[in-house]
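Structure first, commentary second.
Derivation of every value follows stated rules applied to the coordinates shown; laboratory data play no part. Since the model is a prediction, treat every value here as computed from it, not as a measurement. Cβ atoms come from the backbone with ideal geometry, glycine included; neighbour counts cover every protein chain shown.
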Amino acid sequence: MKRIFLIFFAVTLGFYTQLQGQSLSERFASMLTLPKGYICYRTADSIHIDGLPDEDSWKKAQATDAFVDISGFDFPTPRYRTTAKMLWDDKYLYVSAELEEPHIWANLHLRDTIVFYDNDFEVFIDPIGEGHNYFEIETNALGTVFDLALEKPYRVSNRTFVQFQWNCPGLKLATHCNGKINDPNGIDQGWTVEMAIPREAIASEFDNYLKAGNWLRIDFSRVEWQYELDSTGKYTRKKGAEGKFLPEDNWVWTPTGKIAMHMPERWSYLYLSDKKVGHDTETFRYPDSQPICQFLWMLFYAQEEQYAKNHSYFKSLVDFKLQKKDLKLLPAGYRIQIEATSHTYEMTAFSADGKQYVIDESGCCFKRNNNQNIK
């Protein structure tokens, strides 16, 4: 018995030590991968929003990589292919998407119903890149729109309200089905989405974020349900043996690392080029702030975990027990300062040349004394 106990104790201690020895960068690895990047070129001709992205500008625009599972690149490849394209001009940000789908169906017709109860395509835009004050636009294959503005992500316990009543002013949106929607006879090819999002709709006060040289944070989600036909032959979400709807698939451009789309820090980077599509090209680069912001987000995830367990935040960098693997993510020349109370904190990264990047407990990440895009 004594020997068995000693073996059990050794195994348990080893397991505990292994957990304790895991670095933050390893623990949160799925949420620290580099988001995708995209160069958004100016339109070279007029875009007509009819659900058919067939203008010459769309043909010359580069498609994103095929969408992957929201939980990460190492999860199963989506059953159906999804890609998107983006363009811009002085008035609009344009988005188009192609969704492979052998059975196109949708049941919701009323605006601002919960559109993702159908298969849908979703656009998320954070114009400033601070993790707050962002927008969501969803559509099903019928072109039924659900749109909202959020001051803070759902994970923030003290957020004020979500503007479900916000209807994207001036939005132009259309869909096109390459097949017969809601017809179970035969096989469809898929459906396409085309939208023009006015610059005023994603502006704060009189700011215009559609300017050459700016980065936006943007990402896309595709919700896909398993389906069944009811007694009338109508498509419905499939239920399991216990009578509950089977979970949906979530396919995205850049994975967030877990089943949660409202993580603006995980969305892709969209760079607005001053060049016209098909006329000239440039190489994508991330904003200078990306490495230090990634380090701050790693600390943020650790603070979230700490508060969930202990209802208090770490008050110094020593509390995080950072390992060499973690410190390698801290760009040279930066130092971190933490100011925390029992329920709030600010973590500030100071650079050698005087820049300050801040993240707080609500997940707002910004450059101090600069209301423009984080660069």
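As a size descriptor, the averaged projected area of the C-alpha convex hull of segment 168-297 was calculated at 13.0 nm².
Relative to the longest principal axis of the chain, what angle (0 to 90°, nearest 10) does the C-alpha long axis of helix 290-310 take? That helix lies at roughly 70 degrees to the long axis. Both numbers refer to the Cα atoms of segment 225-272; Rg and Dmax are 16.3, 50 Å. Placing +1 at every Lys and Arg Cβ and -1 at every Asp and Glu Cβ, with all other atoms neutral, what dipole size does the chain have around its Cα centre, in debye to the nearest 20? Here the size comes out at about 1540 debye.
Please compute the length gained on full extension between E339 and R27, using 0.36 nm multiplied by the number of residues separating them and subtracting their Cα-Cα distance.
Numbers: separation 312, 0.36 × 312 = 112.32 nm, distance 2.39 nm.
Stretched out fully, the E339 to R27 stretch lengthens by 109.9 nm.
Over segment 39-96, the ratio between the Cα radius of gyration and 2.2 N^0.38 Å evaluates to 1.34. Projecting the Cα atoms of Y154, N107, A141 onto the charge dipole of segment 36-276 (Cβ charges, centred on the Cα centre) puts Y154 farthest toward the positive pole. Inter-part distance, segment 18-86 to segment 228-295, computed on C-alpha centroids, equals 7 Å. Of the labelled figures [x] -0.36, -0.47, -0.71, -1.36; [y] -0.55, -0.64, -0.82, -1.26; [z] -0.29, -0.39, -0.62, -1.50, only one reflects log10 I(q)/I(0) by the Debye sum over Cα atoms at q = 0.07, 0.08, 0.10, 0.15 Å⁻¹ as derived from the coordinates, namely [x].
Calculated from DSSP H runs of 4 or more alone, at -39500 (n - 2.57) each and per residue, what is the 222 nm mean residue ellipticity of the chain, nearest 500?
Working: 5 runs with 54 residues, N = 375.
Computed ellipticity for the chain at 222 nm equals -4500 deg cm²/dmol.
Seen from all directions on average, segment 275-369 presents a Cα convex hull projection of 8.5 nm². The loop-placed GluC sites (Glu not before Pro) in segment 214-323, going by DSSP, that have at most 11 neighbouring Cβ atoms within 10 Å of their Cβ come out as E242, E282. Between helix 2-21 and the chain there is an angle of about 60 degrees, using the helix long axis and the longest principal axis of the Cα atoms. Debye-formula intensities of segment 55-159, expressed as log10 I(q)/I(0) at q = 0.13, 0.17, 0.23 Å⁻¹, are -0.63, -1.08, -1.40 (one equal scatterer per alpha-carbon, no solvent).
Quick one: which of K85/K234; K60/K238; K36/K324 span more than 29 angstrom between C-alpha atoms?
Numbers: K85/K234 32 Å; K60/K238 39 Å; K36/K324 26 Å.
Beyond 29 Å between Cα atoms: K85/K234; K60/K238.
What's the local net charge at I39, with K and R +1, D and E -1, over the other residues with C-beta under 13 Å away?
Numbers: positive: K36, R42, K60, K85, K275, K276, R285; negative: D274, D280, E282.
With Lys, Arg at +1 and Asp, Glu at -1, the neighbours total +4.
Between K276 and K244, the simple label model (points 7 Å from Cα in the Cβ direction) yields a spacing of 5.6 nm.
Loop-only check: which trypsin sites (Lys or Arg not before Pro) in segment 190-249 are DSSP coil with at most 11 other Cβ within 10 angstrom? Before the final figure, lay out each step's value.
Values: sites: R199, K211, R217, R222, K234, R237, K238, K239, K244; in loops: K211, K234, K238, K244.
Answer in residue order: K244.
Contour minus end-to-end for L327 and D183, with contour as 0.36 nm per residue of separation and end-to-end as the Cα-Cα distance? Could the numbers behind the result be given before it?
Details: separation 144, 0.36 × 144 = 51.84 nm, distance 5.61 nm.
Full extension of this stretch gives 46.2 nm more.
Contact order, relative form, for the chain: 20 percent (alpha carbon pairs under 8 Å, 6 or more residues apart, mean separation divided by residue count).
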